[in-house]
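Participant: Supplied in structure tokens, the structure appears directly below.
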Amino acid sequence: ILNKPTSLPSSVLKHSVKYGEALTIGQAVYVSSADGTNMIVSKADYTTEATSSKTLGLVTLTGPLNFQGEVVTEGLLAGLDTSTATIGDAVWLGDDGNLLYGLANKPVAPNHMVFIGIVTRGIVASVPVSELTTPFVGPAV
């Protein structure tokens with residue numbers, strides 16, 4: 001008799017974090033500081049090197065300043081409003097933690113191009129964070 005696992009391995013990699021400002025589910029964040037116990041995250045933004053190149057992932061819950069939450073860095077995140085996107089669209093970092101969908105909306109210089117993932121379902125979607133293609137891409141040249 002073969003030993004079978006009692007549960008399947010997780011397809012999501014999450015990290016516990018502390019919010020450095022109020023955040024909404026699905027916003028992109030970067031590690032803005034730490035307090036010795038927690039990574040503190042703030043909204044990533046494609047307009048500066050400091051807030052784009054260090055993009056960590058997407059927050060899983062809406063919460064206020066100092067909220068103890070989680071960031072998905074690899075895997076699927078459900079519950080995002082992708083009504084303006086099409087299945088298969090690329091997801092890019094926008095301004096103030098927001099996401100941009102599709103090649104027509106990808107950032108152009110002087111903004112930084114940071115790939116987040118791919119839309120895999122319509123309206124309420126799952127966005128793979130740096131899993132299906134390449135990890136986060138550096139600034140646009």
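Participant: Give me the net charge for the shell around residue 51: Cβ to Cβ below 14 angstrom, other residues only, Lys and Arg +1, Asp and Glu -1.
Facilitator: Summing Lys/Arg as +1 and Asp/Glu as -1 gives -3.
Participant: Now, a different point. Once you have the Cα-Cα distance between residue 66 and residue 84, take 0.36 nm times their residue separation minus that, and quote the gain in nm to one decimal.
Facilitator: 3.4 nm
Participant: Using label points projected 7 Å from each Cα along Cα→Cβ, tell me how many nm separate residue 33 and residue 120, to one decimal.
Facilitator: It works out to 3.6 nm between the two label points.
Participant: Fully extended, how many nm does the chain gain between residue 24 and residue 106 (0.36 nm per residue separation, minus their Cα-Cα distance)?
Facilitator: Taking residue 24 through residue 106 to full extension adds about 27.4 nm, to one decimal.
Participant: Under the rule a/c < 1.5 gives rounded, and otherwise a/b versus b/c splits prolate from oblate, where does region 40-110 land using the Cα gyration tensor? Numbers along the way, then the final one.
Facilitator: Values: a/c = 2.09, a/b = 1.21, b/c = 1.74.
Oblate, since a/c reaches 1.5 and b/c is not below a/b.
Rule-based calculations on the coordinates, nothing more; no lab input. What you see is a predicted model; the values in this text were computed from it and never measured. Cβ sites come from the backbone with ideal geometry, for glycine too, and all protein chains shown count toward neighbours.
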